[in-house]
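I have placed the structure first, in the form of structure tokens, so that the comments after it can refer back to it.
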Ligand code: ADP
Ligand code: TMP
Ligand code: ASP
């Protein structure tokens, strides 16, 4: 498919028009950012791993009955996706306490929660993506009651499916962030990406961090962690 005008360049991806107004071409960049882009780096090969991992996971979710915007892998850095109107809410699901949850609430790191915690953040870089409640989303029309219900149900279903998948590969799915959009019929569809940029993965045996926390916390060998996730999913040695 021909790629057309660039519609948007974000921190991690570029979105292009295609010949079909319902379809976008996504290009995954090698940029790494953290703490609302206060920390930045370029890492050759990062975009490729996120492209492949995200495509693989969306394919797997679709097989398990959870559809998404993902249509097709074009090459190692590009995917075709269904264009949606992104809801301005980032949904975070947490199984184990870490990250901003511990900073914000002073709870200890590494506690397994009795059930998954679902949080909403307003998708607004200028405000630093603040934590919001369902009522904020409703009162400011960021999502309808049905959309809120659907995002929560879908996020918990993704957690179940991916939690089981990664457990089978010796990885703990600690937490992750999802984005959703409205398709042309008004349905809520899972969108954006699912990758080591947007999830926390801990090795089940060693506790080694296999995600963007290696960059956030300067743990070294960031690309090695992304390669390891791809290797465990694909079964391919590189
Ligand atoms: P950011 O905007 O946070 O810097 P990215 O660099 O990942 O993030 O840019 C990708 C942008 O494209 C995000 O704003 C995301 O919400 C949006 N997006 C993801 N999937 C779709 C889609 N299917 N249709 C329209 N926009 C999408
Ligand atoms: P947090 O603990 O920093 O709030 O992160 C929770 C999860 O959400 C973690 O898996 C990383 C992911 N995340 C993103 O994908 N994008 C973001 O902008 C942030 C802050 C977190
Ligand atoms: N994605 C955010 C950023 O790029 C924050 C993060 O993931 O830590 O700054």
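Here are some notes:
- Screening residue 127 on (1) surrounded by fewer than 16 Cβ atoms within 10 Å (Cβ to Cβ); (2) under 18 Å from the mean Cα position of the chain (by Cα); (3) within 13 Å of ligand 2 (Cβ to nearest atom) shows it passes everything except condition (2).
- Members of the stretch 177-196 found to be touching a residue at least 40 places away in the same chain (Cβ under 8 Å), part of a loop (DSSP other than H, G, I, E, B) and either over 25 Å from residue 227 (Cβ atoms) or in contact with a helix residue (DSSP H, G or I) (Cβ under 7 Å, 6 or more places away or on another chain) (or both), listed by number: 183, 184, 193, 194, 195, 196
- All conditions but one from (1) in contact (Cβ under 8 Å) with a residue 24 or more places away in the chain; (2) exposed (fewer than 15 other Cβ atoms within 10 Å of the Cβ); (3) under 20 Å from residue 188 (Cβ atoms) apply to residue 140; the one that does not is (1).
- Residue list for the stretch 1-24, restricted to those being under 27 Å from residue 126 (Cβ atoms) and more than 10 Å from ligand 1 (Cβ to nearest atom): 5, 6, 16, 17
- Criterion (away from ligand 1 (no atom under 16 Å from the Cβ) and under 21 Å from residue 11 (Cβ atoms)) met by exactly one of 179, 193, 160, 119: 119
Each row is one residue, and each column tells you yes or no for (1) more than 9 Å from ligand 2 (Cβ to nearest atom); (2) in contact (Cβ under 8 Å) with a residue 24 or more places away in the chain; (3) part of a strand (DSSP E or B); (4) within 26 Å of residue 31 (Cα to Cα).
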| residue | (1), (2), (3), (4) |
| --- | --- |
| 159 | yes, yes, no, no |
| 164 | yes, no, no, no |
| 172 | yes, yes, yes, yes |
| 207 | yes, no, no, yes |
| 214 | yes, no, no, yes |
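- When restricted to residues that are assigned to a helix (DSSP H, G or I), out of contact with any helix residue (DSSP H, G or I) (no Cβ under 6 Å at 6 or more places or on another chain) and either more than 15 Å from ligand 2 (Cβ to nearest atom) or over 30 Å from residue 60 (Cα atoms) (or both), the stretch 138-155 contains 10.
- Within the stretch 108-124, the set of residues being in contact with a helix residue (DSSP H, G or I) (Cβ under 7 Å, 6 or more places away or on another chain) and within 12 Å of ligand 2 (Cβ to nearest atom) comprises 109, 118, 120.
- Where residue 40 falls short, out of the listed (1) in contact (Cβ under 8 Å) with a residue 12 or more places away in the chain; (2) surrounded by fewer than 22 Cβ atoms within 10 Å (Cβ to Cβ); (3) within 13 Å of ligand 1 (Cβ to nearest atom): (1)
- Residues considered: 53, 26, 89. Of these, the only one that is closer than 21 Å to residue 191 by Cβ, surrounded by 19 or more Cβ atoms within 10 Å (Cβ to Cβ) and out of contact with any strand residue (DSSP E or B) (no Cβ under 6 Å at 6 or more places or on another chain) is 53.
- The one condition in (1) over 30 Å from residue 228 (Cα atoms); (2) within 16 Å of ligand 1 (Cβ to nearest atom); (3) surrounded by 14 or more Cβ atoms within 10 Å (Cβ to Cβ) that residue 154 fails to fulfil: (1)
- Subset tally (residues that are buried (at least 16 other Cβ atoms within 10 Å of the Cβ) and in a strand (DSSP E or B)) for the stretch 64-85: 10
- Number of residues in the stretch 11-66 that are in contact with a helix residue (DSSP H, G or I) (Cβ under 7 Å, 6 or more places away or on another chain), away from ligand 3 (no atom under 16 Å from the Cβ) and on the phi > 0 side of the Ramachandran plot equals 1.
Bear in mind these aren't lab numbers, they're just calculated from the coordinates by the rules spelled out. Note that this is a predicted model, so its numbers are computed, not measured. Don't worry about glycine lacking a Cβ; one is built from the backbone with ideal geometry, like all the others, and counts go over all protein chains shown.
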